[in-house]
Amino acid sequence: MTTSSRKAVILVSGGLDSATVLAIAANAGFELYALSFDYGQRHRHELEAAKKVCQSFDVKQFVIFPLDLRVFGGSALTADIDVPKDRSEHDLETGIPITYVPARNTVFLSLALAWAETLNAFDLFIGVNAVDYSGYPDCRPEFIQAFQKTATLATKSGVEGDGRWNVHTPLISLTKAEIIKKGMELGVDYSLTHSCYDPLPDGTPCGHCDSCQLRAKGFQEAGFSDPALKSN
């Protein structure tokens with residue numbers, strides 16, 4: 001089977017990283033199936049961004065999966081907890097922040113795996129990063145390796161040997177600046193993306209949360225202006 005005939009499920013949040021991953025999967029010739037989650041996050045701007053990003057690519061099918069993680073809470077993104085602002089570079093590199101959503105990537109990848117199995121697709125793409133990130137444990141290479149092994153053990157197709165599961169993490173060892181440069185090369189329209197954890201009601205980024213700080217640092221180091229700021 002050639003790459004150009006293979007299907008892939010791509011996790012698309014509406015943010016900068018997942019938009020870049022979608023572009024990478026498209027450039028590799030995969031047939032694109034995009035999956036986003038309405039998981040009770042603080043705002044819907046990122047879901048609107050995900051729709052726009054998917055519309056800008058030749059996505060075969062885009063699904064928004066309803067999954068209300070507010071039932072559990074435990075995160076500033078799913079509970080009435082303040083989003084940390086203006087943290088120092090040292091703080092950004094230390095510990096796991098309250099914006100971590102318990103087991104989120106494990107849950108999201110598991111559902112992507114379920115959809116992929118129904119599509120007879122064996123490739124999953126996720127925009128995790130272990131360089132310029134907020135210290136989330138489910139963004140590390142060892143987690144991805146373990147999940148890929150689990151995919152083989154936990155699925156009918158894996159047990160019967162119908163295909164080999166691959167969890168693609170093309171951004172895992174890149175800096176945010178390198179990610180942005182890669183996306184620019186592939187024609188990603190970053191004005192469509194949304195990264196802020198705690199935007200104003202009209203979607204304007206706060207500019208102070210961890211995600212906004214990492215995004216701003218990335219664009220500055222890449223030598224580009226952030227087009228999403230110009231569009232707000």
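In the stretch 147-155, the condition of being open to solvent by 20 Å² or more (accessible area, probe 1.4 Å), in contact with a strand residue (DSSP E or B) (Cβ under 8 Å, 6 or more places away or on another chain) and of a type in the set (A, V, I, L, M, F, W, C) is met by no residue. Counting just the residues of the stretch 59-82 that are open to solvent by less than 60 Å² (accessible area, probe 1.4 Å) and touching a Gly at 6+ places or on another chain (Cβ under 7 Å), which one comes out farthest from residue 198 (Cα to Cα)? The selected residue is 69. Restricting the search to helices (runs of 4 or more DSSP H) fully inside the stretch 86-190 and requiring at least 1 residues that are within 13 Å of the chain's Cα centre (by Cα) and within 22 Å of residue 40 (Cβ to Cβ) gives 104-119. Screening residue 92 against (1) surrounded by fewer than 19 Cβ atoms within 10 Å (Cβ to Cβ); (2) of a type in the set (A, V, I, L, M, F, W, C); (3) at pLDDT 90 or above leaves a single unmet condition, (3). Note on the stretch 176-206: residues that are open to solvent by 40 Å² or more (accessible area, probe 1.4 Å) and closer than 20 Å to residue 93 by Cβ total 1.
With 51, 60 as the choices, which residue is more than 19 Å from residue 179 (Cα to Cα) and in a helix (DSSP H, G or I)?
51
The values are calculated or read from the model by the stated rules, or taken from the named source; none is laboratory data. If you're wondering where the values come from, they're calculated on a predicted model, not measured in any experiment. A quick note on method: Cβ atoms are made from the backbone with ideal geometry, for glycine too, and the neighbour counts reach across all protein chains shown. When the accessible area is computed, the model is the full protein with side chains, heavy atoms only, and any ligands, DNA or RNA have been set aside. Shrake-Rupley method; radii C 1.70, N 1.55, O 1.52, S 1.80 Å.
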